[in-house]
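Read through the structure below, which is laid out as structure tokens, and then see the notes.
No value in this document is a laboratory result; all are computed from the given coordinates. Just so it is clear, the structure is predicted and the values come from calculations on it, not from any experiment. Positions of Cβ are backbone-derived with ideal geometry, glycine not excepted, and every protein chain shown enters the neighbour counts.
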Amino acid sequence: MKKQLIVLVAAIIVLLVSSVCQAATRTYDTNYGVMKLQFDGTYISGTYTHQNGVLEGTLEGNVMTGTWRQSNGKGACIFTFSSDFSRFDAKWNYAGETGWRANWQGSLKDAGGGAVTSSAFKRSYNTEYGDMTLNFNGDNVTGNYTHQNGKLRGSLDGNVLTGTWTQSNGSGSFIFTFGEGFNSFDGQWNYKGEGSMRGGWNGRPK
């Protein structure tokens, strides 16, 4: 009886671990056919119907950088997902090209199983208001910068961060639009109570 109980408990543990570790799957309707993606931590792999397409990449935040392969060619791609991974906008090119083509979009068709979570990472920038460090943790972003002991807090949707800043001399709102891999951004800001935004808060790799 005791042996049977141990076996039963072990089986339950295996099932729970398998459930927790199971990669999330999402199916999208895209302009290049139906696409099925598997999210396994920061690694993404998938297939799509156009020309027997296959892709794989690495996820940082809501951005996947990777490669695609079809029966008629191959190349690189950058997918920017919405905060809930219900849609994406992608850039792609053929192998050997230096520029990007930007006409690959998808919307969620089937949520499948498992939860998709954005990966946590950090970026540092040179800005007009001093050195800045941002901590990305899913949709939530916090950070600090050297000017007037500045601090930031915001919410990420795709590659757009909206939030508030505080300094020793005031506070207000900001909007940052990030480039590829979150390595740079173009920003706007205002003081608390202002109705419009001011330009000129940009970040470049440190």
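Computed values, structure above
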item: Contact order normalised by residue count of the chain, Cα under 8 Å, 6+ apart, percent; result: 13 percent
item: Theoretical ellipticity at 222 nm over the chain - DSSP helices of four or more residues, -39500 (n - 2.57) apiece, nearest 500; result: -3500 deg cm²/dmol
item: Folded to 0 to 90 degrees: helix 2-21 orientation relative to the chain principal axis, Cα; result: 40 degrees
item: Of every Cα-Cα pair in the stretch 87-169, the percent that sits beyond 17 Å; result: 64 percent
item: Furthest towards positive pole of dipole, 166, 58, 41, structure part the chain, Cβ charges; result: 41
item: Estimated inter-spin distance, residue 43 and residue 126, nm [label 7 Å along Cα→Cβ]; result: 3.7 nm
item: Size of the stretch 27-110 as Cα extents on the principal axes (Å, biggest first); result: 32, 24, 22
item: Net charge of Cβ neighbours under 13 Å - reference residue 54; Lys, Arg +1; Asp, Glu -1; result: +2
item: Student exercise, the chain dipole from Lys, Arg, Asp, Glu Cβ charges, in Debye to nearest 20; result: 440 debye
item: q = 0.22 Å⁻¹, the stretch 120-205: log10 I(q)/I(0) [Debye, one scatterer per Cα]; result: -1.07
item: Segments 60-70, 34-44, 99-109 sorted - mean Cβ within 10 Å per residue, highest first; result: 60-70, 34-44, 99-109
item: Computed over the stretch 17-165, the ratio Rg/Rh where both radii use C-alpha atoms and Rh is Kirkwood; result: 1.03
item: Dipole axis of the stretch 59-157 (+1 Lys, Arg; -1 Asp, Glu on Cβ), positive-most option in 142, 129, 73; result: 73
